[in-house]
Every structure is written in structure tokens, then in C-alpha cells.
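The values are calculated or read from the model by the stated rules, or taken from the named source; none is laboratory data. Keep in mind that this is a model prediction, so the values were computed, not measured. Ideal geometry is used to build each Cβ from the backbone, glycine not excepted, and the neighbour counts take in all protein chains shown. All accessible areas refer to the heavy atoms of the entire protein, side chains included, with ligands and DNA or RNA removed. Shrake-Rupley method; radii C 1.70, N 1.55, O 1.52, S 1.80 Å.
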Amino acid sequence: MAKDTNKALRNDVIYSVFVRNYSEEGTFQAVERDLDRIKSLGVDIIWLMPIQPSGKKNRKGSLGSPYAISDYRAVNPEFGTMEDFIRLVDAIHEKGMKCIIDVVYNHTSPDSVLSKEHPEWFFHKQDGSFGNRVGDWWDVIDLDYSDMGLWDYQIETLKMWAKYVDGFRCDVAPMIPFDFWIRARKEIAEIRPNAIWLAESIEPGFLVFNRSRGLASSSDSEMFQAFDICYDYDITDEFYGYLEGKNSLAEYADAINRQEAMYPDNYVKARFLENHDRLRAAFMIRDEQALRNWTAFEYFQKGCVLLYNGQETGCEHTPSLFDKDTIPFENSKNKDLDFSKFFAKLYEIKKNQIFTNSSYQVFPIKSDTLLAVHIENCDIFAKEEPAKMVGIFSFKGEKGLIEVGSKNIPDGRYKNLLTGDCVEVNMGHLCTDGEPIVFECR
């Protein structure tokens, strides 16, 4: 783990913005005009998906992927000017939020500036032509980090952007040499202390597949030495497996609990229900009550929260990465569905210091209900019992009596922090109406 990673990142909420499709206008200025609304959701960090221009050669769709970058040191003119970008970042800072940008360092577009000026910095196929090592990414060509000149260029580019932004979300970070990230973190710290480093770590299956083909692929345990936050793709197979009926909730719980033993004490996971590469939560989880439970669980989990623009209003359609596909910011079937106030309430709870430094465990207590507990980390000689934050999440609306005494939840009357209602634990049991419950006890 990066030794200086701040555990307080576990209390933060990151909101991902795809500038092109965030508004009909698709500009930095349009995002700037909406910052008050974003802030009201309870957001600490805005992540701007790639802001650089997309290449034209081998484009996917009409506008090309934002992840097929043609010039690392420019902004996409469709979004505005460099001055517009700087004004947006300044406005984000003025509102008390931070800004991180995407870093796409595994590949460029085939017609990128670097492909023309430094072809020697790229992977070449046997016939000498440019290529990529992941077949369906045919709109990009891979960089080759065996040349240290590329390292110098890429880090200088990061330094340029670090003058403005507070950190970086690094695309398929495990496919770039691990030592590159170690060096980059060290050098960026000299000009941007406490920069935030978020790694798009990869699924275990993809990691093993890459290694079988001789490709660099670092595990989460390696990534955590250079990054503050890693995706929780290491457990998403179990998450989707549960939603699809392929595995039990108990198997998903076991996967979560393994993280607590596998990673360093100050590990931070990015917890998400959806992102730009995945199906929308409201598309997968059709029942509104179930979606509330999953959303509350997303915030309750150990780690920071990662939201994708449109999630707050139950958008069901994942916008195309390759065409103009404006986010409607509404649920197509339920116009009244709006989680904005729910997000704000969850954000208040997320700021509780127990989420900063705790031991965390989840228990399946019925086939479709989880009990999750944060126990405050404290001195073993402390006179007072450590505080506990307890969450109960019913993913299929299960109602009725739940046994919690065996999990050391003491009898008493507590306040549901989500609703203000009383939660009574009596003889080691409580009753649930299928809605999420969160309360603090000792």
C-alpha cells in the first residue's frame, strides 16, 4: 500500500463526469453550470473522464472513444478550450470539491501525436506495424514502456496537468509497468503533495489471461503500493453472480470479507454499482426498494463511493462511449425516481469517523439479507466498548424477524440514521420492513 495513503479517503464520494454526454451542449462550461447540483448530492471529488481529443483513425462510432487519445497534452476542442477547462477546475475548487482527470497510458489512437513523433515508443507486430495486445480494442495502439524516454514524457505530462488538478484516475493501470507508477507518484508528490491516485485495477480473470500471454498485469496487492484507491473488480464476479442467480449472497459476502485480510491496513476500495463500462444499477435492479438497499450498501461499504453521472436519478441507459448520447438524468419508466436526497443523507452518514478507521465484516443472515458491521479500531486497553456502525440491507425486500445478537449487537433502542425512526433490538432480534437500516451502537 502507498504508505502515505490517508484513510479519510474512505469517507469520500467521487462523482464521475463524461463531459461529452453530460449535457446536450457537451462542454466544460455546461458542467461548470451544474456544479451546485453535483455538490448538493454530497460529493468530494469530481472525476472527469478523458478530456483530451480523440483520434480519428479507426474510430469506433461517430465521435470515437474518449479512451483513444490523440494528444495527451491538449483538451478536446469539442469540450472547449484549455482556459475553459482551467475555469471549470477553479470552480470545482471554489465549491470545496477536488478534481481528478483520467490518465490513459496503456495506448493511444493510431493517429496520435506520439505515434508520429516517437513510433519507437509503441508495440509493433511482427510485420512492423502498430498494434494492440487486446483484440477488441482495435481503435487504439499500445505503448511499449521498455523505452525510458516514454517514461520521462508521460511523467512530464502528468506534471503539466498536476498544476491544475488534484489527482488522477488511471485507466487499466495494471497493464503499465508497476515501477512506472511508483516513480510517477514520487515525482508528482513534489509538485502536488497529497495527490489522489485511483487505479482502475482489473478483474482476476483478465489479469490471469494477460499473464498467460506474457503481458504485464499487476494484482491489486501490487497496485496498492503505488495507488491510494483501487476498483473493487476483484469481487464483481460474485456481485453480478448474485444478481444473475449464479451464486449465493453468502459467496458474495465471503469475497468482501477476504478483502479485509488480503490488503494493507489503510487499503481503500472504490465501491460502485455502476460505471461507464458497466450496466446501470437501475437497469439491473428493477425494484426500487432493492435499489435503495444496494445504494445504501454501496455507501456503507469500507472504501470511498464511486458514482456515475445519472445514477442519482435512476438512469437506466449506459451512454455510448463512441457517439453523442446525452444522459437524460431521468428514469425512462419512473419519472419520479430521484435518489438525490437519498445520496445526500447517505453522504452525511458516510462522514462518520467510524468509517475512517474500522474493522469491517459482512454476514448473510437470510438468503437475500446482509448484516454489515464496522467496529471502531481502538486501544485494546480502552475502558469503553468500541463503537459499532451496523447496516442491514434486504436485497429482495425480505421482511420480518432477524437474529443479530450472535453478531454482538447489544439489546437496546437505536436511531435509524436513514429515517430517524427507532430500531429496537430485543433478545438479540430486530424486525425489518425490507428497507435499509443503519444505526450506531456500542
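Annotation note: Cβ proximity below 8 Å between a residue of the range 126-146 that is part of a loop (DSSP other than H, G, I, E, B) and a residue that is among the β-branched types (Val, Ile, Thr) and crowded, with 17+ Cβ neighbours inside 10 Å (sequence gap 6+ or interchain) occurs for 131/141; 132/140; 132/141; 140/108; 145/176.
Within the range 419-440, the residues that satisfy the criterion of being within 21 Å of residue 364 (Cβ to Cβ) and either under 31 Å from the mean Cα position of the chain (by Cα) or among the small types (Gly, Ala, Ser) (or both) are 428, 432, 433, 434, 435, 436, 437, 438, 439.
Of everything in the range 327-364 that is over 24 Å from residue 261 (Cβ atoms) and of a type in the set (A, V, I, L, M), the residue that is modelled with the lowest pLDDT is 337.
Given the structure, is residue 379 exposed (fewer than 14 other Cβ atoms within 10 Å of the Cβ), more than 24 Å from residue 303 (Cβ to Cβ) and not basic (Lys, Arg)? It is true that residue 379 is exposed (fewer than 14 other Cβ atoms within 10 Å of the Cβ), more than 24 Å from residue 303 (Cβ to Cβ) and not basic (Lys, Arg). Evaluation of residue 187 against the conditions (1) assigned to a helix (DSSP H, G or I); (2) closer than 24 Å to residue 17 by Cα; (3) not basic (Lys, Arg) shows that the sole unmet condition is (2). Among the residues of the range 255-291, those identified as in a loop (DSSP other than H, G, I, E, B) and in contact with a strand residue (DSSP E or B) (Cβ under 7 Å, 6 or more places away or on another chain) are 268, 272, 274, 275, 276. Candidates are the residues of the range 207-254 that are of a type in the set (A, V, I, L, M), in contact with a strand residue (DSSP E or B) (Cβ under 8 Å, 6 or more places away or on another chain) and more than 20 Å from residue 174 (Cβ to Cβ); the one that is most open to solvent (accessible area, probe 1.4 Å) is 250.
Scanning the range 243-271 for residues that are over 23 Å from residue 10 (Cβ atoms), in contact (Cβ under 8 Å) with a residue 24 or more places away in the chain and not small (Gly, Ala, Ser) yields 243, 249. On the given criteria, is residue 38 in a helix (DSSP H, G or I) and aliphatic (A, V, I, L, M)? The answer is yes for residue 38.
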